[in-house]
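What follows is a set of notes on a single structure, which appears directly below.
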2 protein chains.
Amino acid sequence: MSGISDVARLAGVSKSTASRALSGSGYVSEKTRLKVAAVAASLEYVPSSNAASLVTGRTRNVGVVIPYLHRWFFAEVLEGIQAALLERGLDLTLYDANPGTEGRRRIFEDFLARKRFDGLIAVGLEPEDHELERLLKIGRPVVSVVGTDADASVIGIDDNDAARRATHHLTSLGHEHIAFVGGGSSPRWASVDRRRLDGYLEAMSEAGLTARAQHIRSEVSLPGGYAAAVDLLGARSRPTGIVAVCDEVAIGAIIAARRLGIGVPGDLSVVGIDDHKYAEMFALTTLQQVPREQGRAAVELLEAQLADADAEPTHLALSARLIVRASTGPVDAQHSVMVSDARTGIDGSV
Amino acid sequence: MSGISDVARLAGVSKSTASRALSGSGYVSEKTRLKVAAVAASLEYVPSSNAASLVTGRTRNVGVVIPYLHRWFFAEVLEGIQAALLERGLDLTLYDANPGTEGRRRIFEDFLARKRFDGLIAVGLEPEDHELERLLKIGRPVVSVVGTDADASVIGIDDNDAARRATHHLTSLGHEHIAFVGGGSSPRWASVDRRRLDGYLEAMSEAGLTARAQHIRSEVSLPGGYAAAVDLLGARSRPTGIVAVCDEVAIGAIIAARRLGIGVPGDLSVVGIDDHKYAEMFALTTLQQVPREQGRAAVELLEAQLADADAEPTHLALSARLIVRASTGPVDAQHSVMVSDARTGIDGSV
DNA sequence: TTGAAAGCGATACCAC
DNA sequence: GTGGTATCGCTTTCAA
């Protein structure tokens, strides 16, 4: 394994010149640059990032703190981040900070303090106060995907607005009995869920339906949505519309409805938020966000902060796009589809 | 930010003694060890991993090369790896090597060569020949989760056996027309899929059903299984049993069956491989593997290789456990459940 | 049991 | 444009 001095010697130049030639910074004649590059290539020279980091203080590595890997949104964001980092030649150190685990504690107590990165991207982290404190104490730029930090750059959709529009979509179709499903299953609310519930409540209020607003708590997952919907739809008086906190919950609700023989959208309209990869298969009407792009954007924001130490924190609130598929319909059309469903086994939504 | 010389000075010892005291290697009197530790704590001293790595050659970092993040199996393995690494104080560098992407190419060409890790864990990587060559050339221990490398440690389930037992489960229930769904959708087979198909074919052969064996190609995903099953089950002569390449495909098939009014398990038995987190919700009979534990085991294996440079590569083939839920039943029971399904909207499987 | 000094492999300043 | 040299922060002989 050859070092830069080997390259320098074989190229007949000094270490400093070799370094300049390879890093591309500083004056080097084109001739020697070519020569050095050729030698480096022939030796398959790979610079030691440790040595370089030690002297420059820059690691060319980005840390990603993320609470879940198995949830659609998080996996997509992470893939977006990784893709953008690969393009830039930057490494990615993963910190899976699952809430309530010993691992998360150690990440905040020990791992982050090592500063093995030039900057951090926090994805849907929702840090406790003492965690946030740690995060800022590190003294490296932080970009959040989903969040509310005032001190860091944040990128995400306008959750309140998305839920409001989802709800409005149903009220404009004539629905009056609309439930919001998901969130609040654990004592500590995820703030995203909270914001979406608020958006729903505001839209219900605008439609004069505050009295009929109903929040069904559930875990934010497909089985969670399924379980909650089984209860909700099995009750005597069931809603004609469901706004789900996210697509996973929405899809769970659709599956529950089908199993209960409730036609979608004939007897029940369901709208989600996400545009999950399964959304199309379930013909789910939803408010689309593109987490992969959010991941890429986070890298771009971080890059800017890295280039210019005192760049102002940017707050990017993207707007979700309504995609109407076949899980929502006018409230009047009730039952018409249900019949065909029982006969053919396929309702009109596919 | 204080370095080890600050600690040394304030503790009234030399750098060397401070280093020994903190790293715990070499002779240090208990008294000075305590003193140094106290000073280090008061200064919130964090050693520079770059400096340490530069001199020791060890990074205390593990690279994980993984082709997907959004698929259940991969996300679970990754979470298992991360948890085990956090316990050991080791960092995790993520390389998302999505097949066919420019990013994957760069990972193998550039990123891995930097050797910013003491060892690698490859998860379901299925490297091309030239990629494998690169991998071994790095000269760092590699552990594979799922795979067939002779030169590296491998951990995974016996896929052939799992598929064979899944199939046998159906034949023992009297099924004769059993299709295998999934895999082979792209020209390049994933070898896992291939092995599972082989296991199915062997079991069919053992049951004297070779003539009726049928492989339905599909993408290995829930929508993929759904689409394939819609075609398969819509045909004139449909099977009474489905062995799916994995649970995601199996669940897609169940959803398709329900939509077509085909009762599960009344008219159709479905068995998967995985024990996916949604398996319970769909009452899916499956052969369980626990990817999270495979991730942990990979870390343990790697740790052993790291401790003892010439430890023999270990090949761990775990056995999947059959979990019988309610997606499979005797072939005779056909139609009985379908009727109740149509009446109540809920079949017997929940 | 401790300390002085020699690197690890690069970068960057400063003469030339 | 180029080369010598100090330096980054630590570990590790080797002597004392």
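The values are calculated or read from the model by the stated rules, or taken from the named source; none is laboratory data. Just so it is clear, the model here is predicted, and its values are computed rather than measured. Note that we place each Cβ from the backbone using ideal geometry, even for glycine, and neighbour counts take in every protein chain shown.
Summary table below
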quantity: Selection within region B:290-311 - in a loop (DSSP other than H, G, I, E, B) and more than 15 Å from the chain's Cα centre (by Cα); calculated: B:308, B:309, B:310, B:311
quantity: Test result for residue B:264, assigned to a loop (DSSP other than H, G, I, E, B) and buried (at least 22 other Cβ atoms within 10 Å of the Cβ); calculated: yes
quantity: So residue A:24, is it more than 14 Å from chain B (Cβ to nearest Cβ) and within 16 Å of DNA strand C (Cβ to nearest atom); calculated: yes
quantity: Subset of region B:273-289 [under 21 Å from residue B:71 (Cβ atoms), assigned to a loop (DSSP other than H, G, I, E, B) and touching a residue at least 24 places away in the same chain (Cβ under 8 Å)]; calculated: B:275, B:276, B:277, B:278, B:279, B:280, B:282, B:284, B:289
quantity: Among (1) on the phi > 0 side of the Ramachandran plot; (2) away from every other protein chain (no Cβ under 11 Å); (3) over 21 Å from the mean Cα position of the chain (by Cα) - the single one residue A:140 does not satisfy; calculated: (1)
quantity: From the options A:154, A:143, residue that is touching a His at 6+ places or on another chain (Cβ under 7 Å) and touching a residue at least 24 places away in the same chain (Cβ under 8 Å); calculated: A:154
quantity: Residues being modelled with pLDDT under 95 and either of a type outside the set (D, E, K, R) or assigned by TED's automatic domain parsing to the domain that holds residue B:201 (or both) - total across region B:143-154; calculated: 7
quantity: Boolean, residue A:38 is within 9 Å of DNA strand D (Cβ to nearest atom) and either at pLDDT 95 or above or touching a strand residue (DSSP E or B) at 6+ places or on another chain (Cβ under 9 Å) (or both); calculated: no
quantity: Every residue from region B:22-35 that is assigned to a loop (DSSP other than H, G, I, E, B) and near DNA strand D (Cβ under 8 Å from one of its atoms); calculated: B:25, B:26
quantity: Matching residues, region B:195-220, being among the polar types (S, T, N, Q) and crowded, with 21+ Cβ neighbours inside 10 Å; calculated: B:218
quantity: Exclusive hit being surrounded by 19 or more Cβ atoms within 10 Å (Cβ to Cβ), among the β-branched types (Val, Ile, Thr) and free of Cβ contacts under 8 Å to residues at least 60 places away in the same chain, set B:299, B:270; calculated: B:270
quantity: Members of region B:1-15 found to be in a loop (DSSP other than H, G, I, E, B) and either exposed (fewer than 14 other Cβ atoms within 10 Å of the Cβ) or near DNA strand C (Cβ under 7 Å from one of its atoms) (or both), listed by number; calculated: B:1, B:12, B:13, B:14
quantity: Test: residue in region A:173-184 that is closer than 25 Å to residue A:128 by Cα, buried (at least 22 other Cβ atoms within 10 Å of the Cβ) and in the same structural domain as residue A:269 (by TED's automatic domain parsing); calculated: yes
quantity: Count of residues meeting criterion [within 12 Å of DNA strand C (Cβ to nearest atom) and either assigned to a helix (DSSP H, G or I) or modelled with pLDDT under 95 (or both)] in region A:44-78; calculated: 8
quantity: Options B:49, B:19: the member that is over 19 Å from residue A:76 (Cα atoms), more than 10 Å from chain A (Cβ to nearest Cβ) and within 16 Å of DNA strand D (Cβ to nearest atom); calculated: B:19
quantity: Members of region A:82-137 found to be in a helix (DSSP H, G or I), within 12 Å of chain B (Cβ to nearest Cβ) and farther than 22 Å from residue B:2 by Cα, listed by number; calculated: A:82, A:83, A:84, A:85, A:86, A:87, A:88, A:102, A:103, A:104, A:105
quantity: Counted residues, region B:312-333 - those being surrounded by fewer than 16 Cβ atoms within 10 Å (Cβ to Cβ), assigned to a loop (DSSP other than H, G, I, E, B) and either at pLDDT below 50 or under 28 Å from the mean Cα position of the chain (by Cα) (or both); calculated: 4
quantity: Test: residue in region A:61-78 that is free of Cβ contacts under 8 Å to residues at least 24 places away in the same chain and under 20 Å from residue A:289 (Cα atoms); calculated: yes
quantity: Where residue B:68 falls short, out of the listed (1) within 11 Å of DNA strand D (Cβ to nearest atom); (2) aromatic (Phe, Trp, Tyr); (3) under 30 Å from residue A:222 (Cα atoms); calculated: (1)
quantity: Residue match in region A:55-63 (condition: facing chain B (nearest Cβ under 7 Å), within 20 Å of residue A:116 (Cβ to Cβ) and crowded, with 18+ Cβ neighbours inside 10 Å); calculated: no
